[in-house]
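Every number here is computed from the coordinates shown, using simple stated rules; none is lab data. These numbers were taken from a predicted model, which means no experiment stands behind them. Every residue, glycine among them, receives a Cβ derived from its backbone with ideal geometry; neighbour counts consider all protein chains shown.
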Amino acid sequence: MKIRKLNLEEDFKEAVDLWNEIGWLKSNDPEDNPGLKYLLEAGDTWVYDEDNRVEATAIGIPGEINYLDKKLPFHGLSGVVVSPVVRKQGVASRLVTKSIVSGYDNGAAVSGLLMFEQGYYDGLGYGTGNYDHVFTFDPSLLKLEIKARKPERISKDDWEKVHKSLLNRKQNHGAVSFWPEYITRDKLAWSSDSSYGLGYYNEAGEITHMMWLSRGGNGGTSSHGPLVVEFMTYQNYSQFLELLGILKNLGDQIFAVKMKEPAGIQLQDYLKYPRKQNKQSDDKYGYESRVFADWQIRILDLEKCIRATSLKGPSIKFNLELYDPLEKYLDGEWQGLSGNYQLELGDQSDIKVGKNSELPTLKTNINSFSRLWLGVLKPSVLALNDGLSGPDQLLADLDQLLACLPDPKMELEF
């Protein structure tokens, strides 16, 4: 199995052919696919080469994740593509492992991804994140006191300013940002020609708050919508309300807006007659609320993650007996996170290798422990069916200590 780094100049055409073959591109002409080129430039790309042809790719994008207002280095896994010729031969798992190890070697503490389906990445140590809420609503029925100022147009050519706006946005617990500018250029390049941005600049010419919009969703492509809010950036909640004000001003023509509920916001609070709109949900412009979890995370550096953890309440000491399913794919110096540890979680958290016979023991896999650490679910709930077990009193104490963690939201799609 030949796994190597991508040579963008030499391999780009084959990468385009591969992505087109599996249906992720509309054309196999490299000139038609600048977005893929930007993505490959932004990330650390590994390929599987067979008979001098690229048959699979996996991309690791460097960035950071916000954990209780502390920034931890992050590895974003993207572009896991395998040709029909080499499927079910373990190629994807080996490529993903290469990308994960590369991320760890480069200092990443956490890895995350958007999953095509829950299950496959469980076998590589990833655990599912919490739910996102997506609303479709009539923008004319937004309930706001603020009146939006006249916004500025923002185009794909403004990708550098958009990228800076993404880095400077208000980031809640679990929010991810990526460092390479080309990841934002890639994001905008994939957008349709009818996509555009609306927002505001400061005196220095920087975007303070904005949203990127596209037509479509719920089968609608007409001038009446649904209008999809692909993403928003804002530095405070007043700016968020002003962006909602822009949407409200579009309500005389746009019958429906579709958007993901931002972290820390209950969007229904800003809707007039949400129950009445719900009765009209059969119409393509009708109110709709969808809930799903499409992202996963896993810890790569246990020491970095534990020492970044500061929790309110009496500290808890316990043994952690951990299993990392990635270990079966590893053949280098890093052997994953399986092992026995002694943890202290509290205001000043700490970790060391080994086991103390006087402490209670939590047994789990890295999938479940990553969810526990980030605050996706309570330990007692994870113990129901996610490979976690421990004494009832330890689970109850951890439930109470970890209750202070806000709901994590990754926010960005990549």
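At 7 Å along the Cα-to-beta-carbon direction for both Asp49 and Ser27, put a label point, then send me their distance in nm to one decimal.
So the label points at Asp49 and Ser27 sit 2.8 nm apart.
Give the calculated FRET efficiency between Leu144 and Arg87 to the nearest 0.05, with a Förster radius of 41 Å applied to their Cβ-Cβ distance.
Using R0 = 41 Å, I get an efficiency of 0.25.
So if we plug the beta-carbon distance of His133 and Leu250 into 1/(1 + (r/R0)^6) with R0 = 25 Å, what FRET efficiency do we get, rounded to 0.05? Kindly include the intermediate steps, with their values, before the conclusion.
Details: r = 21 Å, r/R0 = 0.86.
Given R0 = 25 Å and the Cβ-Cβ separation, E is 0.70.
Relative to the present Cα-Cα distance, how much length would full extension add between Arg307 and Ser155 at 0.36 nm per residue of separation?
Values: separation 152, 0.36 × 152 = 54.72 nm, distance 4.14 nm.
Full-extension gain reported as 50.6 nm.
Given the options Ser357, Ser191, Ser349, state which has the largest fluctuation in a GNM of the chain using a 10 Å cut-off (strictly under) for Cα springs.
Ser357
Arrange Trp19, Trp295 by Cβ neighbour counts within 10 Å, fewest through most, would you?
Least crowded to most crowded, the residues run Trp19, Trp295.
How large are Rg and Dmax for region 133-292 when only the alpha carbon atoms are used, in Å?
So, for region 133-292, Rg and Dmax equal 15.3, 46 Å respectively.
Extension gain Glu344-Ala396, at 0.36 nm per residue separation less the Cα-Cα distance, in nm? The partial results should precede the final answer.
Numbers: separation 52, 0.36 × 52 = 18.72 nm, distance 1.56 nm.
Here the answer is 17.2 nm.
Name the residue, out of Ser223, Ser310, Ser368, whose mean-square fluctuation peaks in a Gaussian network model built on the chain with Cα pairs under 10 Å.
Comparing Ser223, Ser310, Ser368 in a Gaussian network model of the chain, the most mobile one is Ser223.
Under a plain spin-label model, where a point goes 7 Å from the Cα along Cα-to-Cβ, how far apart in nm are Glu10 and Asn202?
Output for this residue pair reads 4.6 nm.
Using a/c under 1.5 as the rounded threshold, could you call region 2-108 rounded, prolate or oblate? The axes a ≥ b ≥ c are square roots of the C-alpha gyration tensor eigenvalues, and prolate needs a/b larger than b/c, oblate otherwise. Each step should come with its number before you reach the end.
Values: a/c = 2.19, a/b = 1.55, b/c = 1.42.
It comes out prolate by the Cα gyration axes.
Using Cβ contacts closer than 10 Å as the measure, can you line up Lys2, Lys187, Lys363 from fewest to most?
In order of increasing Cβ crowding within 10 Å: Lys2, Lys363, Lys187.
With +1 on the Cβ of every Lys and Arg and -1 on the Cβ of every Asp and Glu, and nothing else charged, how large is the dipole of region 2-108 about its Cα centre, in debye rounded to the nearest 20? Could you put the intermediate results ahead of the total?
Details: 13 positive and 18 negative charges, 109 e Å.
That gives region 2-108 a dipole magnitude of about 520 debye.
Show that you can apply the helix-only estimate: for the chain, add -39,500 (n - 2.57) for every DSSP H stretch of four or more residues, divide by all residues, and state [θ] at 222 nm to the nearest 500. Kindly include the intermediate steps, with their values, before the conclusion.
On the way: 11 runs with 106 residues, N = 414.
The helix-only estimate for the chain comes to -7500 deg cm²/dmol at 222 nm.
Going by average Cβ neighbours within 10 Å, how do the peptides 8-15, 198-205, 66-73 rank, with the highest at the top? Could the numbers behind the result be given before it?
Details: 8-15: 15.1, 198-205: 13.6, 66-73: 17.1.
Per-residue Cβ counts within 10 Å, averaged per peptide and sorted highest first, yield 66-73, 8-15, 198-205.
Taking the chain as a Gaussian network, where each spring joins two C-alpha atoms under 10 Å apart, which residue of Pro391, Pro262, Pro226 fluctuates the most?
Pro391
Would you work out which of Val54, Leu8, Gly103 lies farthest towards the positive end of the dipole of region 2-108? Charges go on Cβ: Lys and Arg +1, Asp and Glu -1.
It is Gly103.
For the chain, what does the alpha-carbon gyration tensor say about shape, rounded, prolate or oblate, given a ≥ b ≥ c as the root eigenvalues, a/c under 1.5 as rounded, and a/b over b/c as prolate?
Values: a/c = 1.92, a/b = 1.22, b/c = 1.57.
The shape class here is oblate.
Using a 7 Å offset from the Cα along the Cα-to-Cβ direction at both Gln335 and Asp407, what is the distance between the two label points in nm, to one decimal?
So the two model labels end up 4.1 nm from each other.
Find how much the distance from Lys317 to Asp105 grows on full extension, using 0.36 nm per residue of separation minus their present alpha carbon separation; answer in nm with one decimal. Write out the running numbers ahead of the final one.
Values: separation 212, 0.36 × 212 = 76.32 nm, distance 2.93 nm.
Extending this stretch completely gives an extra 73.4 nm.
Can you put Cys404, Cys305 in order, fewest other beta carbons within 10 Å first? Don't skip to the answer; put the middle values down first.
On the way: Cys404 12, Cys305 21.
Exposure proxy ranking, most exposed first: Cys404, Cys305.
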